[in-house]
Amino acid sequence: MMSVSEIKRRMEEESAEETIQSLFDKIERSKLNAFITLTKEQALEEARKADKNGTRGLLGAVPIAIKDNISTKGIQTTCASKILKGYVPPYDAHVIERLKAEGAIIIGKTNMDEFAMGSSTETSFFGPTRNPHDLSRVPGGSSGGSAAAVAGGEVPIALGSDTGGSVRCPASFCGVVGLKPTYGMVSRYGLISYANSLEQIGPFGCSVEDVALLLDVIAGHDPRDSTSHVMKKNRYVDELKDDVSGLKIGVPEEYFEGVDKDVDNAVRDGITLLEELGASCSEVALPHTKYALASYYIIAMSEASSNLARFDGVRYGLRLEKDKDWHTTFSEIRAEGFGEEVKRRILLGTYALSAGYYGRYYLKALKVRTLIKQDFENAFKKVDVLITPTMPCAAFKIGEKIDDPLSLYLADVNTVPMNLAGVPSISVPCGFANGLPMGMQIIGGHFDEGLILRVAHTFEKHAGVA
Ligand code: GLN
């Protein structure tokens, strides 16, 4: 892995062009399958310009990888689906505009679960991504390509999206840092929607500092996303401190149920370390946690069934060879273009929203969502942050869970509640078991990014995991 400061140093010693060329050499030899599209020519051209004219912005000439559900003008954007193969967006997402304004160089679009539906990056039309720590294992998902690319040293930073854990899960499985910001902190303009009331774009890096830096670049108000929050621009990277004295940590035991022993031990050791550094720790209850997963999947699938209606074989991507009437085009293109998991979710979501079942499923899930949000509000009256395992286990084998969707959904048990409540959380590496990394999750109240980044930074400095 390499940090932003290391890559900047290398670019000064050699040149931006040579440094970025060496990344492409590595990616082209790689077995990870972390990328769907590489933007080699444009990236090298921009690197040459930076070498000639000097760099600018917070990310001057720093290479970055982008999850393939974030729109990039002139660069194919597929959501890892056959239905969008060949689709080239005519505009940039807000986050891409921000990255370009700060001088970053996009080196490619990363692999993911189709339409971000999954936790293993196995449902991609372009084949699974592999975990750099063990090629027979999944990198987590759905932003598995972004996490694997950072962990494999193919790029220093990357963007993912997190609807129910898709940044934090692969961060945990690949041993990198990943943050899901507060709902409304980062504009979703140009993010291809899966479940828009839940998702946020989030940064990956090999250190908390790089994640804070990338958040500084992408966060901020954007009038084109009506859920974007009006706030003052923060500089989280300047506020990072090695200090947790007086901090109150809450430990919700609900999040340790059914968690593998190794993960349980590593996270509890992490909490003890923070206590030794001056934090205090107490048990808190989040009593509605057990309903979070069911509520999340009803809401996510319902929103997905509506959001994915726009893929009609006319406007984007895949087309029929011969023109047919609209109804036939719509059914044939969707039958051919969507994978099994996406179809399953459209069917279940449509069912949950249908007359007669709406009240029993969708409305009930929304009520549970409110209770979960209240659990967090009550907890944050007593403590400053909550700490839990990010995932209940380390990375599993490719193929191990793919035929049993429910067991895959269960893996998200500790990451979905924050999306339902809209609160921020970060996953930091907290140890290894049998050569596989594990992640610790630090959760804060709405817009408490500064605080959770500080706790994560302090932990990272003293835990010596990397
Ligand atoms: N694994 C969860 C799902 O399949 C979360 C995915 C995500 O965050 N995009 O819905």
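Each value in this text was obtained by applying a stated rule to the coordinates, not by laboratory testing. Since the model is a prediction, treat every value here as computed from it, not as a measurement. With ideal geometry, Cβ positions are generated from the backbone for all residues, glycine too; neighbour counts draw on all protein chains shown.
Listed values for the stretch 132-142 are Karplus-derived 3J(HN,Hα) couplings in whole Hz (6.51 cos²θ - 1.76 cosθ + 1.60, θ = phi - 60°), namely x, 7, 6, 5, 8, 10, 6, x, x, x, 8, and x replaces Gly and Pro. In order along the stretch 162-171, the Karplus-derived 3J(HN,Hα) couplings, from 6.51 cos²θ - 1.76 cosθ + 1.60 at θ = phi - 60°, round to 10, 9, x, x, 5, 8, 6, 4, x, 4 Hz, and Gly and Pro are given as x. Computed from backbone phi with θ = phi - 60° and the Karplus coefficients 6.51, -1.76 and 1.60, the 3J(HN,Hα) list for the stretch 239-249 is 8, 5, 9, 8, 6, 10, 5, x, 6, 9, 9 Hz; x is used for glycine and proline.
For the stretch 272-341, a simple Cβ point-charge model (Lys and Arg +1, Asp and Glu -1, everything else neutral) yields a dipole of about 340 debye relative to the Cα centre.
From largest to smallest, the equivalent ellipsoid semi-axes obtained for the stretch 165-243 from the alpha-carbon gyration tensor read 21, 18, 8 Å. Remark: C-alpha extents of the chain on the principal axes read 68, 65, 44 Å, sorted largest to smallest. Overall, the ratio between the Cα radius of gyration of the stretch 70-150 and 2.2 N^0.38 Å, rounded to two decimals, is 1.13.
Close amide H contacts of Thr37 (hydrogens built in the peptide plane, cut-off under 5 Å, sequence separation of 5 or more or a different chain): Lys109.
Might you report the magnitude of the Cβ-based charge dipole of the stretch 219-352 about its Cα centre, with Lys and Arg at +1 and Asp and Glu at -1, to the nearest 20 debye?
Values: 18 positive and 25 negative charges, 174 e Å.
With only Lys, Arg, Asp and Glu charged at Cβ, the dipole is about 840 debye.
The three principal axes of the C-alpha atoms in the stretch 166-304 carry coordinate ranges of 45, 39, 27 Å, sorted with the longest axis first.
When DSSP beta bridges are limited to those with both residues in the chain, what percentage is antiparallel, rounded to the nearest 5? Don't jump to the answer; show the numbers that get you there.
Values: 31 of 46 bridges.
Antiparallel bridges: around 65 percent, rounded to the nearest 5.
For the set Lys343/Lys397; Lys241/Lys382; Lys180/Lys381; Lys109/Lys322; Lys232/Lys381, the pairs lying more than 27 angstrom apart at their alpha carbons are Lys109/Lys322. Within the shell defined by Cβ-Cβ distances under 10 Å, the residues around Gly152 carry a net charge of +2, with Lys and Arg each +1 and Asp and Glu each -1. Each 10 Å bin from zero holds the following percent of Cα-Cα pairs in the stretch 178-217: 31, 49, 20.
Run the dipole for the chain about the Cα centre, Lys and Arg Cβ at +1, Asp and Glu Cβ at -1, nothing else charged, and hand back the magnitude in debye, nearest 20.
Values: 52 positive and 61 negative charges, 238 e Å.
Value, rounded to 20: 1140 debye.
Here the Debye sum runs over all C-alpha atoms of the stretch 214-368 as equal scatterers in vacuum, and log10 of I(q)/I(0) at q = 0.14, 0.15, 0.16, 0.20 Å⁻¹ comes out as -1.06, -1.09, -1.11, -1.16.
Kirkwood-based Rg over Rh for the stretch 137-185 (C-alpha set), two decimals?
Details: Rg = 10.0 Å, Rh = 10.5 Å.
Computed over Cα atoms, the ratio is 0.96.
Of all lysines in the structure, those lying under 19 Å Cα to Cα from Lys52, and not within fewer than 8 positions of it along the same chain, are Lys8, Lys40, Lys100.
For Glu275 and Lys232, what does the FRET efficiency come to when R0 = 45 Å and r is the distance between their Cβ atoms, rounded to the nearest 0.05?
Details: r = 33 Å, r/R0 = 0.73.
It comes out at approximately 0.85.
Binning the C-alpha pair distances of the stretch 1-132 at 10 Å intervals from 0 yields a P(r) profile of 13, 40, 35, 11, 0 %, listed from the shortest bin outward. Treating only the Cα positions of the stretch 318-377 as identical point scatterers, give the base-10 log of I(q)/I(0) from the Debye formula at each q in 0.30 Å⁻¹. Relative scattering, expressed as log10 I(q)/I(0), comes to -1.08.
Remind me, what semi-axes does the stretch 18-95 give for its equivalent ellipsoid, largest first in whole Å, using sqrt of 5 times each Cα gyration tensor eigenvalue?
On the way: eigenvalues 110, 59, 21 Å².
Semi-axes (√(5λ), whole Å): 23, 17, 10.
Using +1 at the C-beta of Lys and Arg and -1 at the C-beta of Asp and Glu, which of Leu215, Val237, Ser172 has the Cα lying farthest in the positive direction of the dipole of the stretch 153-308? Result: Leu215, furthest along the dipole toward the positive end.
Using only the C-alpha atoms, the convex hull of the stretch 340-457 corresponds to 122 Å³ per residue.
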